[in-house]
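Inspection log for the structure reproduced underneath, given as structure tokens.
The values are calculated or read from the model by the stated rules, or taken from the named source; none is laboratory data. This structure is a prediction, so every number in the text was calculated from the model and none was measured. We place every Cβ from the backbone using ideal geometry, glycine too, and count neighbours over all the protein chains shown.
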Amino acid sequence: MPYKINDEEIKILRGKPHIARLVYYEMRSVMDFETGVVGRYRRISERFFIESLEVESSNGIQGSKPTRGQIRAALKTLEKIGLIEPLGGYCFLLKIATRDDQARNKLSQISTRSEPEKKHDISFEFNDIQCTENNISARTEPDLNPPPVIPEEPVYKHKKHYRPKQLDSPDGERLFQEFWNLYPRKEAKKKTLLAWKSKKLAKQWDEIRADLESREWPDNAQFIMLPTTYLNGERWKDSVAQRAEEDAAEQEMMERLSKKLEGKKWD
């Protein structure tokens, strides 16, 4: 239905932000001419204004569209200068817009807000018309307290399907870092971490730490087993005799290497 902006509206809008004027023009185009109410028959929202005011790209003109914040600011401006009055949700009264003569008698009976701070329990009646915040905002405003989303359990079709590896306890990562700091040979950290996770070794950390602290490690880190070998072989469970054999073998290896470096013959 065609509409015409009256002189008073033009006077008030002059010099106001461009986005505020555009928003008001869009509201006038969907206004109920009997009551001057917007949002009664045709529901409006921030998305309505964004889509209506979007500029498409063409012939070198860059497209653009207003943001939700700009729409809210424009509505606040229109309310401040006295052109609109919020009636709850996205329902507004256009206070000085031109209406039917019959509607002027109806508008005189509009009930005013008694407690504006109570938002969701207030209704505004226009004789036989009722614009309630609850049924307007339910479609235009998001739920501020949505129900919690429960993630679905992943379905594995095969028994040997890959399952993401997790640390065996909340303290697993911290204990692994303690192990890494204590172990004298720092190589293949990622593989060592995978071995730590897969075997869930945080539960055995006390035994591992006691073993690491009691061992006599060679000065040269090259003669120390890799940390992955230590974890995968569960070497902290070795007996004292086994440790002695290992230490003797490592010592013999070191001596032979020293002789070789000095140019001597092997025994």
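Things worth noting here:
- Of all residues assigned to segment 56-73, none qualifies as being farther than 15 Å from D32 by Cα, within 35 Å of the chain's Cα centre (by Cα) and at pLDDT below 80.
- Filtered residue count, segment 34-89, keeping only those that are of a type in the set (S, T, N, Q) and over 26 Å from K11 (Cα atoms): 7
- Within segment 56-91, tally of residues that are assigned to a strand (DSSP E or B) and of a type outside the set (S, T, Y): 4
- Residues satisfying the stated conditions in segment 23-55, i.e. over 33 Å from the mean Cα position of the chain (by Cα) and part of a helix (DSSP H, G or I): Y24, Y25, E26, M27, R28, S29
- Some residue of segment 25-40 being under 18 Å from F92 (Cα atoms), surrounded by fewer than 19 Cβ atoms within 10 Å (Cβ to Cβ) and among the aromatic types (F, W, Y): yes
- Positions within segment 74-87 being at pLDDT 90 or above and either of a type in the set (S, T, Y) or surrounded by 16 or more Cβ atoms within 10 Å (Cβ to Cβ) (or both), in sequence order: A74, L75, T77, L78, L83, I84, E85, P86
- Residues in segment 35-63 that are in contact with a Lys or Arg (Cβ under 7 Å, 6 or more places away or on another chain), touching a residue at least 60 places away in the same chain (Cβ under 8 Å) and not β-branched (V, I, T): G36, R43, E46.
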